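J.: Have a look at this one before I ask anything.
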Amino acid sequence: MAHNPTIQERMMAAELRRLRETTGHTGQRVADLIGFSLSKISRLESAKRGLKIEDVAALLTLYGIANPDREALLDLCRPSPAQGWCPAARELPGVHAHLESDATTVTVVDILTIPGPLQTEDYTRHLCDALRLTPEEATRRVACRRGRSTVLLGDQSPHATLLVGQDALHRVVGSREVMAAQYEYLLDLARRESVAFRVAPATAAVGVSGFVLCEYENQSPVVVLETPVAVVFADQAPETGYYRGVIEVLLDAALNPSDSTGYVAELLRRQRKGDL
């Protein structure tokens with residue numbers, strides 16, 4: 001029977017592959033050094049077998065991964081307290097990008113702030129200041145969001161629907177210059193062929209914070225939920241179905257793509273004139 005990987009296993013498999021490649025090892029070289037077969041390395045890196053904590057620990061040692069990243073990665077091998085949910089990955093800001101990079105379509109949503117992957121660095125840093133994060137935490141968050149932006153919005157990215165709330169667009173974060181740069185960045189994203197940019201009106205409030213729905217060709221969809229301090233994942237039908245419903249409500253109420261870009265362009269014009 002084919003192994004049905006959990007979210008943690010999908011994330012861990014992609015991270016093991018990335019670590020091997022960035023440390024310059026071939027699969028055969030790792031197999032020889034650890035005493036595994038090459039087929040076992042392949043199955044671990046493709047989530048075609050369950051993860052044993054001792055196997056992952058041996059690989060992390062070979063790749064030179066120390067705490068706190070080591071312990072956070074080993075946590076992905078431990079059973080989740082709730083089926084279909086992955087524990088918050090606060091210490092691994094970039095690991096969840098693996099889930100997003102393998103998606104065929106993604107829908108990025110936030111009603112209260114600009115969605116994380118769509119934020120400029122200055123916008124993110126001002127949000128971090130408001131949350132009273134340490135400089136180290138802020139740097140990790142900026143790096144995480146820059147990496148997610150590259151994954152979701154790069155040249156080889158999946159098709160992306162970007163849903164931003166009017167309240168998020170009007171919420172001032174930082175200075176006038178910060179907001180103007182953020183509007184310019186959103187307009188740049190909206191011009192891309194692989195992106196559908198939509199503005200959801202304030203009347204379409206749905207009571208959820210930022211999230212990304214990732215959909216795949218041959219795997220179950222995953223919801224990536226962002227909180228002020230961590231990222232959580234879910235892949236069970238009740239949860240993914242609920243967030244699909246939220247997206248449908250917002251899309252029904254949202255401005256069309258042309259009006260959405262026009263709305264942000266007008267905000268940029270008013271910001272530059274000092275009318276906001």
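J.: Based on what the data block shows, is residue 276 under 27 Å from residue 130 (Cα atoms), surrounded by 13 or more Cβ atoms within 10 Å (Cβ to Cβ) and more than 19 Å from the chain's Cα centre (by Cα)? Even if it seems obvious, please write down each step before you answer.
T.: Working: under 27 Å from residue 130 (Cα atoms): yes; surrounded by 13 or more Cβ atoms within 10 Å (Cβ to Cβ): yes; more than 19 Å from the chain's Cα centre (by Cα): yes.
The answer is yes for residue 276.
J.: Go through the range 202-224 and report how many residues are surrounded by 15 or more Cβ atoms within 10 Å (Cβ to Cβ) and either in contact with a Ser or Thr (Cβ under 9 Å, 6 or more places away or on another chain) or outside any loop (DSSP other than H, G, I, E, B) (or both). Lay out the reasoning, then the answer.
T.: As a first pass, look at the range 202-224 and keep what is surrounded by 15 or more Cβ atoms within 10 Å (Cβ to Cβ): 204-206, 208, 210-216, 219-224.
Still in the list and also either in contact with a Ser or Thr (Cβ under 9 Å, 6 or more places away or on another chain) or outside any loop (DSSP other than H, G, I, E, B) (or both): 204, 210-216, 220-224.
Counting residues in the range 202-224 that are surrounded by 15 or more Cβ atoms within 10 Å (Cβ to Cβ) and either in contact with a Ser or Thr (Cβ under 9 Å, 6 or more places away or on another chain) or outside any loop (DSSP other than H, G, I, E, B) (or both) gives 13.
J.: Given the criteria outside the structural domain of residue 101 (by TED's automatic domain parsing) and under 25 Å from residue 224 (Cβ atoms), does residue 54 qualify? Can you show your working first?
T.: Working: outside the structural domain of residue 101 (by TED's automatic domain parsing): yes; under 25 Å from residue 224 (Cβ atoms): no.
No.
J.: Six or more apart or on different chains, Cβ atoms under 6 Å: show the pairs whose first residue is in the range 150-170 and more than 15 Å from residue 110 (Cβ to Cβ) and whose second is at pLDDT below 80 and among the hydroxyl-bearing types (Ser, Thr, Tyr).
T.: 151/101
J.: State whether the residues of the range 125-148 include one that is under 23 Å from residue 260 (Cα atoms), part of a helix (DSSP H, G or I) and among the polar types (S, T, N, Q).
T.: Looking for residues that are under 23 Å from residue 260 (Cα atoms), part of a helix (DSSP H, G or I) and among the polar types (S, T, N, Q), one finds none in the range 125-148, hence no.
J.: With the condition kept exactly as written, say whether any residue in the range 180-192 is in contact with a strand residue (DSSP E or B) (Cβ under 6 Å, 6 or more places away or on another chain), surrounded by 17 or more Cβ atoms within 10 Å (Cβ to Cβ) and assigned to a helix (DSSP H, G or I).
T.: The first filter runs over the range 180-192 and keeps only residues in contact with a strand residue (DSSP E or B) (Cβ under 6 Å, 6 or more places away or on another chain), leaving 189-190.
Those still in the list that are surrounded by 17 or more Cβ atoms within 10 Å (Cβ to Cβ) too: 189-190.
Going one step further and asking which of them are assigned to a helix (DSSP H, G or I), we end up with 189-190.
Yes - at least one qualifying residue is present in the range 180-192.
J.: Looking only at residues that are surrounded by 20 or more Cβ atoms within 10 Å (Cβ to Cβ) and outside any loop (DSSP other than H, G, I, E, B) in the range 20-55, which one is nearest to the chain's Cα centre (by Cα)?
T.: 45
J.: Return the residues of the range 136-166 that are surrounded by 16 or more Cβ atoms within 10 Å (Cβ to Cβ) and over 25 Å from residue 102 (Cβ atoms); say none if nothing qualifies.
T.: Scanning the range 136-166 gives 138, 165, 166.
J.: Could you check the range 85-134 and list, in sequence order, the residues that are modelled with pLDDT of 80 or more and either among the basic types (Lys, Arg) or outside the structural domain of residue 199 (by TED's automatic domain parsing) (or both)?
T.: Matches in the range 85-134: 125, 132.
J.: Let me ask something additional. Do any residues in the range 184-204 that are under 15 Å from residue 117 (Cα atoms) have Cβ atoms under 6 Å from those of residues that are outside any helix (DSSP H, G or I) and β-branched (Val, Ile, Thr), where the two are at least six apart or on different chains, and which pairs are they?
T.: 185/120; 189/195; 196/161
The values are calculated or read from the model by the stated rules, or taken from the named source; none is laboratory data. Please read all numbers here as calculations on a predicted model, not as lab measurements. All Cβ positions, even for glycine, are placed from backbone atoms using ideal geometry, and neighbour counts span all protein chains on display.
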